[in-house]
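The values are calculated or read from the model by the stated rules, or taken from the named source; none is laboratory data. What you see is a predicted model, and the numbers here were worked out from it, not measured in a lab. Note that we place each Cβ from the backbone using ideal geometry, even for glycine, and neighbour counts take in every protein chain shown. With ligands, DNA and RNA removed, areas are computed over all heavy atoms of the protein, side chains included. Shrake-Rupley method; radii C 1.70, N 1.55, O 1.52, S 1.80 Å.
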Amino acid sequence: MNILWRKPFRFLGMLANQTFTHSVYSSAIDYKFLGLSVRHYNKIYTRTGDKGTSITYTGERRPKDNAIFEALGTTDELSSALGLAAEFCSEAGHPLEHRIQLIQCVLQDAGSVIATPASSAREAHRKNVNFNTDFVHDLESWIDEMTEQLPPLQNFILPSGGKSASSLHLARSVCRRAERSLAPLIRDKEIDEETLKFLNRLSDFLFTAARYCAMQEGREEKIYLNPKERKEKSVEDKGAKS
C-alpha cells in the first residue's frame, strides 16, 4: 500500500473507520500543517496504538475504549455485516447489492463525523467532514418502495427467512447497537444528531429489506409465540411424532 497524503483527510469518507479504529494511517498525518503535508506510508501497522490509545481526526489521542472509538468500531462492524448481507443478496438475485454498497459509503461518511469531536475540532477539520443528510430521504423512499410489495405486518417476527433475510436482520441488530453508541456523544454535543437519524432510518430499511428478501424467496418468516402458544405448539408437535 502506498498512500500519498496531499490533503490528509480528503480520503476520510473512504477510510474513516479503518483510520480511527485501528490507527492504520494516523502516523502519515501532519496535524500542524493540515492539508499541506505530503507523506508516503507503506505498512499496514504503525505500532502507535500498542499502548491502548488511538487518535481522532482532530489529532487528539484517546483511550481505545473511549466513546468515540466505541462508536467508530460499531459502525465498522455494521459495514462488515452489510458486506456479508450484500453477498447473500447477490447470490439470491436480490437487487439490493448496489444500495447496500451506497449505505456502506455513507457509513464511512458518518465515521468521519464521529472521528471529529466538536470539543477538539477546528474549522479546518470541519471543512473536510461532510455528511449528506439527504440520504435519509433515499432510505425512506426505498423503505416505502419495498413496503408496498409486502403483506401487512401482523405479528412480531423472529430473525429468519433464509440467508439473505437473516443476514440483514443481523446487520439491523448491529445498527441498533451503533445507534446506542452514538447516544452519549450526541448528549455531550460531540457530534451532530443527523448521524443518529441516518442510523435510525437505516435500521428500518434493514428490517424491511429482510422481509422483502424472505418474500421474494418464498421463505417463511418465523413469528414470536407467547408462552401459551408455545405450549400448544409443543403439544401439537408431540402428537405429530406419536
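Within the stretch 147-189, if we keep just the residues that are open to solvent by 30 Å² or more (accessible area, probe 1.4 Å), in contact (Cβ under 8 Å) with a residue 40 or more places away in the chain and not in a loop (DSSP other than H, G, I, E, B), the residue that is farthest from Gly83 (Cα to Cα) turns out to be Pro184. The residues of the stretch 190-209 that are among the hydrophobic types (A, V, I, L, M, F, W, C) and part of a loop (DSSP other than H, G, I, E, B) amount to a single one, Ile191. When Glu87 is tested against (1) open to solvent by 50 Å² or more (accessible area, probe 1.4 Å); (2) modelled with pLDDT of 95 or more; (3) out of contact with any Leu (no Cβ under 8 Å at 6 or more places or on another chain); (4) not in a helix (DSSP H, G or I), exactly one condition is not met: (4).
Tell me, please, whether a residue that is of a type in the set (D, E, K, R) and in contact with a Gly (Cβ under 9 Å, 6 or more places away or on another chain) can be found in the stretch 101-109. There is at least one residue in the stretch 101-109 that is of a type in the set (D, E, K, R) and in contact with a Gly (Cβ under 9 Å, 6 or more places away or on another chain). Restricting attention to the stretch 101-125, which residues are surrounded by 14 or more Cβ atoms within 10 Å (Cβ to Cβ) and over 14 Å from the mean Cα position of the chain (by Cα)? Across the stretch 101-125, the qualifying residues are Ala115, Thr116, Pro117, Ala118, Ser120, Ala121, His125. Reported count of residues in the stretch 43-65, each being part of a loop (DSSP other than H, G, I, E, B) and open to solvent by 40 Å² or more (accessible area, probe 1.4 Å), is 10. Screening Asp144, Asp134, Asp192 for residues that are in contact (Cβ under 8 Å) with a residue 40 or more places away in the chain, among the acidic types (Asp, Glu) and open to solvent by 80 Å² or more (accessible area, probe 1.4 Å) leaves exactly one candidate, Asp192.
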